[in-house]
């Protein structure tokens, strides 16, 4: 199963991706997290993208494709993957298709989480995640079951992304509208695009996604 989850920041892509990885035993490729991991490791890729990410710009397409190709050819991605955060533009979507074709692979589904931008600020301001396993939470909508303890790994170290604030959120939403929205017709033309209501309760969003994927399975 090879999937893409589309939606603006705060749409809930990460939450749904983690659920699907367990269901289908596939890899979650959150490209933002992958890039931050390279930066933290201070490796070659991290050095190349640190300044770019700090300024809020997009990482060069060829570098993103190189990173994704290296990742999906690892054994733990043999059953598939979920891309979260990529592609963001039509050229990136085309480059991804070409790379997959070179590997004799193809996408099974592209799922868009439809949300209302005016509600996203409320979501984004309460987000936090486990500093150990990356599980996502929200102070209001999805807190940990036990205060201060991660549901997934039991860790007690939590982090807030530095770009989860109203000012940067507006910039990211504008970038999504201008750069990512045009890729929807691209995937519609390939007949693999589906839309679900990302503003519904988490469980209902999950049910909608499962309905889409049951037709593929």
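Remarks
- Within the set 86, 81, the sole residue that is touching a helix residue (DSSP H, G or I) at 6+ places or on another chain (Cβ under 8 Å), crowded, with 16+ Cβ neighbours inside 10 Å, closer than 27 Å to residue 185 by Cα and at pLDDT 90 or above turns out to be 81.
- Test for residue 32: is it surrounded by fewer than 18 Cβ atoms within 10 Å (Cβ to Cβ), closer than 29 Å to residue 191 by Cβ and in contact (Cβ under 8 Å) with a residue 12 or more places away in the chain: yes
- Note on the stretch 54-85: residues that are closer than 22 Å to residue 27 by Cβ and part of a helix (DSSP H, G or I) total 15.
- Of all the residues in the stretch 92-128, those that are more than 21 Å from residue 27 (Cα to Cα), in contact with a strand residue (DSSP E or B) (Cβ under 6 Å, 6 or more places away or on another chain) and outside any loop (DSSP other than H, G, I, E, B) number 3.
- Entry remark, the stretch 142-155: residues being within 20 Å of residue 210 (Cβ to Cβ) and part of a loop (DSSP other than H, G, I, E, B) number 0 in total.
- Lone qualifier among 143, 166, 147 - being surrounded by fewer than 16 Cβ atoms within 10 Å (Cβ to Cβ) and touching a helix residue (DSSP H, G or I) at 6+ places or on another chain (Cβ under 8 Å): 166
Yes/no matrix, rows are residues, columns are (1) buried (at least 16 other Cβ atoms within 10 Å of the Cβ); (2) modelled with pLDDT of 95 or more; (3) more than 21 Å from residue 197 (Cβ to Cβ):
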{"residue": "104", "(1), (2), (3)": "no, yes, yes"}
{"residue": "111", "(1), (2), (3)": "yes, yes, no"}
{"residue": "136", "(1), (2), (3)": "yes, no, no"}
{"residue": "182", "(1), (2), (3)": "no, no, yes"}
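- Test for residue 187: is it under 18 Å from the mean Cα position of the chain (by Cα) and in a helix (DSSP H, G or I): yes
The values are calculated or read from the model by the stated rules, or taken from the named source; none is laboratory data. As the structure is a computational prediction, the values presented were derived from the model and not from experiment. Counting neighbours? That spans all protein chains shown, and the Cβs are built from the backbone with ideal geometry, glycine included.
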